[in-house]
Amino acid sequence: MITIITNRDLEAKNSKRPDGRAYNEIRPLKIEAGVLERADGSAYLEFGDNKVLAAVYGPREFHIRRFLKPNMAVLRCRYNMAPFSVEDRKRPGPDRRSLEISKLTSEALAPAVFLEKFPRSSIDIFIEVLQAEGGTRCAGITAASVALADAGIPMRDMVVACAAGKANDQVIMDLSEWEDKEGQADVPVAIMPRTGEITLLQMDGQLTKDEFEQALDLAKEGCMKISEEQKKAIKNRYGGD
Amino acid sequence: MQPIVPEITRESVTNLINKGERADGRKLDQYREISLETGVIKKAEGSARVKIGNTQIMIGVKTQIGEPFPDTPNVGVFMTNSELLPMAAPNFEPGPPDERSVELSRVTDRGIREGKIIDLEKMAIIPGKKVWMIFIDMHILDYDGNLLDAAALGAMAALMNAKFPTATVKDDEVVIDHEKLQPLPLNEKAVMCTLAKIGNELVVDPSLEEEGIMGARISIGIRSDGAICSMQKGGERPFEKEEILKAIDIAQEKTKELFKFLPKA
Amino acid sequence: MILVEDKDIVVPGEVLAEGEYFAGRGTFKDETKVCSALVGLVAIRDNKISVLPLQSKYIPKRGDVVIGKITEVRFSMWNVDINSPYSGILPASDVFGREKRDMNKAFDVGDILFMRVVDVDEVKKVKLGLKGRGLGKFRGGILVEITPTKVPRLIGKKGSMINMIKDHTKCEVVVGQNGLVWVKGSPDMERIVEKVIKTIEAEAHTSGLTDRVRDMLNQLLGKEEDSQEEEQFKEELIQ
């Protein structure tokens with residue numbers, strides 16, 4: 001039998017929002033574009049204690065004939081968590097959760113990309129979570145958008161994602177890890193910021209219809225804040241001479 | 001699939017090296033710029049981010065309680081794993097580790113294991129039943145040549161950076177105290193130096209371009225007390241005995257510089 | 001109403017103008033709004049707003065001249081990597097007539113060629129050709145790679161930039177529209193040209209570049225002369 005002594009859980013339960021944030025505040029956010037040498041586009045993002053790296057190759061020649069699309073590019077996405085990114089080491093390799101998130105990320109980004117411009121090619125997006133602290137799928141989508149823009153891929157908008165939910169009976173923006181685990185609902189959302197169109201939506205937990213609408217609005221609000229940082233990251237890369 | 005190197009590039013790089021120069025202006029025995037940061041991933045017990053030129057690796061060290069190997073019941077366990085992430089190069093594909101990735105893990109592991117870097121005897125908790133397991137996970141983020149030296153340096157730094165909980169035994173039960181952290185019991189330090197044979201010369205720290213045209217490479221793992229603790233030849237061309245001996249001399253000199261990048265013990 | 005200025009850096013989705021404006025390259029129209037599709041620089045000409053990309057892949061167009069690498073030798077064609085999402089094929093008939101074809105003897109894997117894009121079909125299958133002045137296989141020299149969007153800047157108005165580089169360094173320089181550049185001269189001069197090309201790529205979107213490149217050339221060549229004199233001096237001492 002193994003007993004574990006730690007102060008972590010105690011701290012979380014004692015405060016209203018454990019890290020002192022207001023219901024509509026996002027965690028500290030930092031985004032940098034163009035951080036890798038070999039990839040066509042890349043971005044590194046820190047969101048709370050999340051550390052996510054996204055890279056893009058493409059458009060590039062695609063060799064798997066049966067998936068080739070004659071009149072547009074194929075968008076492929078691989079979301080992966082590093083073994084050391086979580087408290088209990090994660091075995092390397094894709095698990096079911098990673099596969100689901102990979103699919104959702106691809107579907108969240110596809111509406112924005114001008115895929116028709118590149119027939120018979122692929123655009124490959126790789127997302128690595130180096131450290132996880134709740135909300136990695138949203139952080140991944142946000143970083144991937146910046147990487148796509150950095151790679152020079154034409155898009156209608158830069159997709160951005162943020163989650164909202166309910167914890168301690170309060171509808172809140174941007175759940176931390178504890179709020180995600182111990183809270184009452186989690187609603188990750190991705191939008192194209194210019195039009196507000198929703199490209200990713202999931203929900204788990206228990207919410208009334210009103211609460212859901214509140215959460216959706218909060219998530220979209222969070223997205224708009226994060227969108228500003230995405231744009232800054234790209235413009236900073238090119239000097240702001 | 002290895003990318004095809006243009007014939008004219010092969011010629012120009014080889015000619016330069018035969019004259020004692022390299023395409024990026026380095027001397028034959030010069031490393032590219034090296035940077036090493038530790039403690040970058042707080043969720044890991046130990047971590048390091050290493051860059052040699054543009055080659056970049058993120059290494060995490062995690063500890064876990066587990067069972068010992070049956071033939072060594074009183075000794076802790078450590079395992080090294082590497083992932084050549086598809087983002088690191090256009091020709092890296094997602095999937096289980098291929099032979100390159102496995103070689104990288106095993107060679108890095110060998111330097112630490114055979115160099116007796118970690119005092120595994122101090123990692124037993126209940127002999128025969130419960131021991132500490134150390135996982136070294138190397139995530140290759142950007143590949144620009146010479147993964148072996150970067151991996152060895154980064155793995156060593158991550159081990160030195162690691163702090164793990166104390167485990168005590170009370171009434172046949174294991175009590176893990178996350179508030180009382182201790183460094184890993186390390187006896188020694190080891191790093192690796194790789195030389196590539198191009199034309200008639202040996203060059204230290206081959207760049208991506210140089211790896212594409214080299215005939216063979218020799219990687220030598222050296223401990224801070226000068227002992228050679230691992231060696232690996234790669235590539236499809238042969239070496240002469242004198243070349244290997246010369247490589248060892250160069251490696252023993254160059255690794256002195258590499259040790260300076262490690263955190264102060 | 002135009003919401004941005006000429007040479008502003010914009011990102012995908014950014015609204016550039018509202019009203020009766022034409023959506024030029026790198027933009028798209030969403031009802032009355034002209035929006036940027038790319039990361040790039042705004043270019044406003046009369047009523048047309050375009051965005052010039054800062055980063056882009058090369059998409060082959062008929063008539064372009066490109067530098068490519070042979071990746072495969074087939075029975076009646078060579079497969080060529082032209083640094084694009086679309087690879088090209090060079091038909092054997094461009095080299096051989098009716099005689100027996102010894103494909104490897106002509107061009108082998110790893111050879112670098114200067115070719116013309118003869119045709120690109122609707123699904124972007126690319127056909128390359130060698131008929132034309134200066135086209136053919138390169139011997140010796142080095143290859144430098146830049147983002148294809150920077151090629152016009154490297155060439156300069158009426159070739160001013162590229163000719164300045166050639167004159168100063170006495171190197172042959174051939175620029176492919178696909179972002180590959182072939183340079184041949186003395187090994188030291190080749191490396192100098194490489195440095196200069198990389199500088200132009202990094203600073204393409206800034207002004208005063210031509211003067212800075214001229215200064216850079218003079219400085220690097222001055223150093224070359226100094227070190228050559230040093231070598232001579234050392235040799236004379238030894239004698």
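The values are calculated or read from the model by the stated rules, or taken from the named source; none is laboratory data. All of these numbers come straight from a predicted model, not from anything done at the bench. So basically every Cβ, Gly included, is an ideal-geometry build from the backbone, and we count neighbours across all protein chains shown.
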Keeping to the stretch B:24-42, report how many residues are loosely packed, with under 13 Cβ neighbours inside 10 Å and either more than 12 Å from every other protein chain (Cβ to nearest Cβ) or part of a helix (DSSP H, G or I) (or both). 3
Suppose we keep only residues that are in contact (Cβ under 8 Å) with a residue 24 or more places away in the chain and farther than 30 Å from C:MET189 by Cα within the stretch C:91-116. Which one would you say is nearest to the other protein chains (Cβ to nearest Cβ)? C:ASN104
List every residue pair whose Cβ atoms sit under 8 Å apart, with the two residues 6 or more apart in sequence or on different chains, where the first one lies in the stretch C:212-223 and is free of Cβ contacts under 8 Å to residues at least 40 places away in the same chain and at positive phi and the second, anywhere, is assigned to a helix (DSSP H, G or I) and not hydroxyl-bearing (Ser, Thr, Tyr). none
Look through the stretch A:21-69, keep the residues that are under 13 Å from the mean Cα position of the chain (by Cα) and among the charged types (D, E, K, R), and return whichever of them is surrounded by the most Cβ atoms within 10 Å (Cβ to Cβ). A:LYS51
Please indicate, with yes or no, whether at least one residue in the stretch C:165-176 is under 30 Å from A:PRO70 (Cα atoms) and not acidic (Asp, Glu). yes
Can you name the condition, by its number, that B:VAL50 falls short on among (1) outside any loop (DSSP other than H, G, I, E, B); (2) surrounded by fewer than 23 Cβ atoms within 10 Å (Cβ to Cβ); (3) more than 10 Å from chain A (Cβ to nearest Cβ)? (2)
Top-ranked residue in the stretch A:39-98 [being assigned to a loop (DSSP other than H, G, I, E, B) and of a type in the set (Lys, Arg); ranked as nearest to the other protein chains (Cβ to nearest Cβ)]: A:ARG89
Can you pull out the helices (runs of 4 or more DSSP H) entirely within the stretch C:123-206 that have at least 2 residues that are of a type in the set (A, V, I, L, M) and under 19 Å from B:GLU209 (Cβ atoms)? C:187-203
Restricting the search to the stretch A:223-235, which residues are surrounded by fewer than 18 Cβ atoms within 10 Å (Cβ to Cβ) and either among the basic types (Lys, Arg) or at the interface with chain C (Cβ under 10 Å from one of its Cβ atoms) (or both)? A:LYS225, A:LYS232, A:LYS235
Looking at this structure, is B:MET79 exposed (fewer than 14 other Cβ atoms within 10 Å of the Cβ), over 28 Å from A:GLY58 (Cβ atoms) and either hydrophobic (A, V, I, L, M, F, W, C) or under 19 Å from the mean Cα position of the chain (by Cα) (or both)? yes
Checking B:THR108 against (1) within 12 Å of chain A (Cβ to nearest Cβ); (2) touching a residue at least 24 places away in the same chain (Cβ under 8 Å); (3) β-branched (Val, Ile, Thr), the condition it does not meet: (1)
Only one of A:MET203, A:MET158 is within 14 Å of chain C (Cβ to nearest Cβ), in contact with a strand residue (DSSP E or B) (Cβ under 9 Å, 6 or more places away or on another chain) and farther than 17 Å from A:ASN24 by Cα, namely A:MET158
Just give me the residues in the stretch B:234-244 being more than 15 Å from B:ARG100 (Cβ to Cβ) and surrounded by fewer than 15 Cβ atoms within 10 Å (Cβ to Cβ), in sequence order. B:ARG237, B:PRO238, B:GLU240, B:LYS241, B:GLU242
Select, from B:ASP177, B:ASP149, B:ASP144, B:ASP205, the only residue that is at the interface with chain A (Cβ under 10 Å from one of its Cβ atoms) and either in contact (Cβ under 8 Å) with a residue 40 or more places away in the chain or among the hydrophobic types (A, V, I, L, M, F, W, C) (or both). B:ASP144
Residue pairs meeting the criteria (Cβ under 9 Å; at least 6 apart or on separate chains; first closer than 14 Å to A:THR195 by Cβ, in the stretch C:17-37; second of a type in the set (A, V, I, L, M) and assigned to a loop (DSSP other than H, G, I, E, B)): C:PHE28/C:ALA37
All but one of (1) at pLDDT below 95; (2) surrounded by 16 or more Cβ atoms within 10 Å (Cβ to Cβ); (3) more than 12 Å from chain C (Cβ to nearest Cβ) hold for A:LYS220, so report the exception by its number. (1)
From the residues in the stretch A:94-110 that are small (Gly, Ala, Ser) and over 16 Å from B:LEU85 (Cβ atoms), which one is surrounded by the fewest Cβ atoms within 10 Å (Cβ to Cβ)? A:ALA110
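Conditions (1) touching a residue at least 60 places away in the same chain (Cβ under 8 Å); (2) touching a strand residue (DSSP E or B) at 6+ places or on another chain (Cβ under 9 Å), marked per residue:
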residue	(1), (2)
B:GLN2	yes, no
B:ARG32	yes, yes
B:GLY60	yes, yes
B:ILE65	yes, yes
B:PRO68	yes, yes
B:VAL75	no, yes
B:PRO86	no, yes
Failed condition for A:SER145, given (1) over 27 Å from C:TYR58 (Cα atoms); (2) within 14 Å of chain C (Cβ to nearest Cβ); (3) under 13 Å from the mean Cα position of the chain (by Cα): (1)
Only one of (1) surrounded by fewer than 20 Cβ atoms within 10 Å (Cβ to Cβ); (2) more than 11 Å from chain A (Cβ to nearest Cβ); (3) touching a Leu at 6+ places or on another chain (Cβ under 7 Å) fails for C:LYS48. Which number is that? (3)
The condition from (1) assigned by TED's automatic domain parsing to the domain that holds C:LEU217; (2) charged (D, E, K, R); (3) in contact (Cβ under 8 Å) with a residue 24 or more places away in the chain that C:ASP119 misses is numbered (1)
Subset tally (residues that are outside any helix (DSSP H, G or I), within 11 Å of chain C (Cβ to nearest Cβ) and loosely packed, with under 15 Cβ neighbours inside 10 Å) for the stretch B:5-23: 1
For A:GLU128, state whether it is more than 14 Å from chain B (Cβ to nearest Cβ) and not in a loop (DSSP other than H, G, I, E, B). no
Quick one: in the stretch C:51-90, which of the residues that are without any contact (Cβ under 8 Å) to a residue 40 or more places away in the chain and of a type in the set (Gly, Ala, Ser) is nearest to A:HIS63 (Cα to Cα)? C:SER87
Under 7 Å between Cβ atoms, at least 6 apart or on separate chains: pull out the pairs that start in the stretch B:242-264 with a residue that is part of a loop (DSSP other than H, G, I, E, B) and end on any residue that is of a type in the set (Ser, Thr, Tyr). B:PRO263/B:THR38
Among the strands (runs of 3 or more DSSP E) lying completely within the stretch A:134-241, list those that include at least 2 residues that are closer than 19 Å to A:ASP49 by Cα, free of Cβ contacts under 8 Å to residues at least 60 places away in the same chain and in contact with a Leu (Cβ under 8 Å, 6 or more places away or on another chain). A:160-167, A:185-192
Which one of B:ILE134, B:ILE140 is more than 13 Å from the chain's Cα centre (by Cα) and outside any helix (DSSP H, G or I)? B:ILE134
